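Have a look at the structure below, then the notes.
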């Protein structure tokens, strides 16, 4: 039996599953698969423009009917991520992808809320962790283009900080500032028993900065590279100082509204009631027994309005953003090259990762929060965008396994 037939057979075993197919408006189609039969019942209408969807039909031998090619691809993707979730053993996964300039596909499986047994939907938003840094790096570069900010401006121009006259905006974005990481200095990944007071309420970036035991750089600015979440916090502080607006307002104007993102927001007091997946973790000290999962949503929700990890987005929206970033909708050529440029001896550009691996050259970002794990990656040789979101923060990202399933390498 061919691999495709095995996948379709696996799908037909399931009585009900869901998938999303985007035509620019993030419409979701629900399909009921009847066991033992090849017919499908479409319970909602999928509208596709001629620009967004392929309308060619394929007729199988011996079958008088025909099926849309994109629908078949969506079925295969759904089967792949259901197997992926079983392999990864996580509460839920959403994957959005676009290949070769084709229309995006989105599929979801698992739970957004285990206790309530709320199923994940293709448009369910997740905390995207440190991928937030890339979106705010984009905004910072927009301000550079407008002459409101300089990459080599000293931090002290905008924020008071020890040795701030030696630390530049560029150093914040490529993690060569030497500024300590507040996550490490405050031991925020210790057990809940050790840090319960910190997570007892939301804490704005200014309060987190005040709580740090030391602000002094741990090495001469610009001499080494060391990842620090505090760099992201400070980029947000600089953006607010330059624009005179809150970070949420700037994000809404320059990213969300600009791209028409429907399920993306900066988490904070104004957006606290907007939907998102619950976040889970199984870290020692955060669960009562090994192998269990705890609802760790409070950990992410204690860090609002920050440029280092407070963005909540759906997979489809994050895919749209990455395509827009690479497609020149958000930055001019010079700014885009600045973001992608990896200086000698460094591991990343300005909030953007350039990577090599068994799957070929790829670029983008990975973001891990306490309860969520996300990746937004572009594979150059395949002309493939993939966004993957899991609602378990301490899980391993199964991107390589997904590519094995997708391209028949298993």
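Pairwise alpha-carbon distances in region 345-410 exceed 18 Å for 40% of all pairs. If I take all pairs of Cα atoms in region 253-410, what percentage of them are more than 21 Å from each other? Result: 53 percent of Cα pairs exceed 21 Å. The relative contact order of region 127-370, computed from alpha carbon pairs under 8 Å that lie at least 6 residues apart in sequence, is 29 percent.
Translational diffusion of region 239-300, estimated by Stokes-Einstein from the Kirkwood radius over alpha carbon pairs at 20 °C in a medium of 1.002 mPa s, is 151 µm² per second. With N as its number of residues, region 302-363 has a Cα radius of gyration that, divided by 2.2 N^0.38 Å, comes to 1.31.
Using a/c under 1.5 as the rounded threshold, could you call region 180-245 rounded, prolate or oblate? The axes a ≥ b ≥ c are square roots of the C-alpha gyration tensor eigenvalues, and prolate needs a/b larger than b/c, oblate otherwise. Write out the running numbers ahead of the final one.
On the way: a/c = 2.61, a/b = 1.22, b/c = 2.14.
Oblate, because a/c is 1.5 or more while a/b does not exceed b/c.
Sorted from greatest to least, the principal axis extents spanned by the alpha carbons of region 127-370 come out as 51, 43, 40 Å. Hey, with R₀ at 41 Å, roughly what FRET efficiency would residue 216 and residue 253 work out to, going by the Cβ-Cβ distance, to 0.05? Computed FRET efficiency for residue 216 and residue 253: 0.70.
Return the tail of the calculated pair distribution for region 143-268, meaning the percent of Cα-Cα pairs more than 17 Å apart. Walk me through the intermediate numbers first.
On the way: 4870 of 7875 pairs.
Value for region 143-268 (Cα pairs over 17 Å): 62 percent.
You can think of it this way: the chain between residue 186 and residue 148 has 10.4 nm of extra reach, that is 0.36 nm per residue less the Cα-Cα gap.
Could you work out Rg/(2.2 N^0.38 Å) for region 64-175, with Rg from alpha carbons only? Mind showing how you got there, number by number?
Numbers: Rg = 21.9 Å, N = 112, 2.2 N^0.38 = 13.2 Å.
Cα Rg divided by the expected 2.2 N^0.38 Å: 1.65.
Would you mind calculating the gained length between residue 200 and residue 269 on full extension (0.36 nm times residue separation, minus the Cα-Cα distance), in nm to one decimal? Walk me through the numbers on the way to the answer.
Working: separation 69, 0.36 × 69 = 24.84 nm, distance 1.51 nm.
Fully extending the segment from residue 200 to residue 269 adds 23.3 nm.
Rule-based calculations on the coordinates, nothing more; no lab input. If you're wondering where the values come from, they're calculated on a predicted model, not measured in any experiment. Cβ: placed from backbone, ideal geometry, glycine included. Neighbour counts: every protein chain shown.
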